[in-house]
1. What is the mean number of Cβ atoms from other protein chains located within 10 Å of the Cβ atom of each residue in peptide B:58-69, rounded to a whole number?
2. What shape does the stretch A:1-134 have by the C-alpha gyration tensor, where a ≥ b ≥ c are the square roots of the eigenvalues, rounded means a/c under 1.5, and otherwise prolate means a/b greater than b/c and oblate the rest?
3. Based on the Cβ-Cβ distance from residue B:42 to residue A:98, what FRET efficiency comes out when R0 is 60 Å, to the nearest 0.05?
4. Determine, at each q value in 0.12, 0.26 (inverse angstroms), the log₁₀ of I(q)/I(0) that the Debye formula gives when each Cα of the stretch B:12-94 is one equal point scatterer.
5. Give me the Kirkwood hydrodynamic radius of the stretch B:65-141, using the inverse of the mean 1/r over all pairs of distinct Cα atoms, in Å to one decimal.
6. As an exercise, take the mean of 1/r over every pair of distinct alpha carbons in chain A, invert it, and state the Kirkwood radius in angstroms.
7. What length, rounded to one decimal in nm, is gained on full extension from residue A:137 through to residue A:311, with 0.36 nm per residue of separation minus their alpha-carbon distance?
8. Can you tell me the orientation of helix B:27-43 relative to chain B, as the angle in degrees between its alpha-carbon axis and the longest Cα principal axis, to the nearest 10?
């Protein structure tokens with residue numbers, strides 16, 4: 001499934017219009033940063049098997065996130081590095097090596113209509129993105145000002161350009177940091193221990209809406225029921241059977257299951273790249289460190305975008 | 001009128017917080033939620049990205065990085081937002097910051113449109129006409145909108161026609177379907193799977209992405225249903241009946257008919 005996504009649709013949740021947006025907002029921003037674009041610019045979020053894409057105009061693109069063995073014509077191209085594509089080049093993805101979602105950003109802006117302040121595809125409302133739906137074979141995404149930089153870009157060369165993101169942080173284990181949820185204290189003492197010490201399998205019911213987990217059966221202390229209340233991406237709810245679900249990018253705006261915890265913002269990106277059949281664990285964190293790690297991440301991305309902007313301008317001048 | 005000492009604040013993850021007024025479906029509690037919703041929204045604070053009312057709580061979403069730039073030194077974004085929320089909610093207000101609109105919604109309660117109405121009537125030992133009369137003789141409040149774009153949670157349904165959700169949810173409920181779940185009633189804005197007991201259908205467009213205001217309702221709206229026949233349903237013309245066609249004044253729906 002391939003859809004247009006940005007950082008999500010804010011400001012309409014009180015109307016039930018959910019945020020959507022990229023599952024892995026770090027990779028989305030990284031792809032844009034390496035092209036010197038606005039960090040939240042619209043990209044294509046791809047799941048494997050992904051689309052085959054023909055470039056009808058020369059451009060520079062960047063892939064981030066999941067490694068689907070990208071090939072431009074017959075030559076492999078790297079992730080996390082800007083790549084020059086010539087008119088007629090075809091981008092293919094042959095095999096999934098790692099991750100679950102790959103992001104494609106292109107230097108030219110895509111000609112897409114904004115809906116409610118965002119380019120993200122909202123599949124439920126069938127609005128936003130490309131006709132409110134997933135991309136299909138034969139779809140054509142136009143560039144705004146397609147011929148800009150034609151003289152510079154059109155050459156015999158296609159392939160990677162000379163800059164990339166520095167060493168990207170890699171996770172050593174699948175331990176995800178959480179903050180206590182409003183109904184954390186509804187859990188029995190032994191269930192709290194299970195959440196913090198147990199391991200949870202990502203089941204096959206894992207999509208943009210949420211990841212259903214399979215782990216130790218949890219129990220609620222008492223009989224309280226929740227009337228519908230706010231939830232968001234990263235919220236971990238306890239389902240009636242005692243299992244957990246982590247809400248992801250296409251989360252509803254409100255829900256009625258106990259919110260036992262929330263995955264911190266910076267860790268959601270890593271979870272978005274974990275496919276089913278992986279085990280995860282949880283570790284309690286606190287607001288201050290959660291905020292700090294997000295601020296640091298954004299500072300890194302802003303800096304990368306600034307330096308890439310200079311490099312891309314220099315590249316376009318050198319060949320002018 | 002104020003919200004003093006009637007709420008508590010708790011983090012909803014690291015980029016939103018929850019203002020809790022009570023885990024109940026209760027008009028007085030929801031009054032506070034809506035008051036807080038309109039007060040916070042009217043401040044248009046930079047970095048506050050969403051304010052979302054529900055039955056008994058309000059979630060306030062914020063951008064951590066933008067809120068960091070607010071005055072307040074080394075405090076966390078969470079603390080800064082919580083402080084502002086406390087300030088806003090502890091002021092005294094003379095008037096409600098909003099005027100609830102009254103929307104009159106036509107509903108066709110024919111069995112073809114409301115497949116569960118017969119079953120509900122039998123279960124409640126009422127005639128179908130009585131169910132219609134009871135459902136359409138009350139004024140409801142839109143307590144919250146959630147679940148999907150434009151799905152209204154309205155209450156409170158007369159005890160005589162309250163009924164639990166269906167045991168096996170339908171895989172497809174038509175757009176405009178009016179349902180009951182316990183003390184709640186609501187309208188499905190678009191066709192979708194759903195578990196509420198469907199008693200009728202409205203021809204009014206609840207959600208249209210091309211309208212300037214894609215969702216007909218707003219939290220706090222008041223709603224009255226009135227019964228129409230199948231012929232009236234089929235002849236319903238949004239323009240003639242005073243409902244928005246997307247080209248109304250300021251794009252706002254004209255309430256009532």
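Throughout, read-outs are computed from the coordinates displayed, never taken from laboratory work. Everything numeric here is computed off the predicted structure, so don't read it as measured data. Note that each Cβ is placed from the backbone with ideal geometry, even for glycine, and that neighbours are counted across all protein chains shown.
1. So the per-residue partner count for this stretch is 4.
2. Here the stretch A:1-134 falls in the prolate category.
3. That pair, residue B:42 with residue A:98, gives E of 0.80.
4. -0.34, -1.32
5. Working: mean 1/r = 0.0564 Å⁻¹.
Taking the inverse mean of 1/r over all distinct Cα pairs, the stretch B:65-141 comes out at 17.7 Å.
6. Mean inverse Cα-Cα distance, inverted, gives 20.7 Å.
7. That works out to 59.2 nm of additional length.
8. That works out to roughly 50 degrees.
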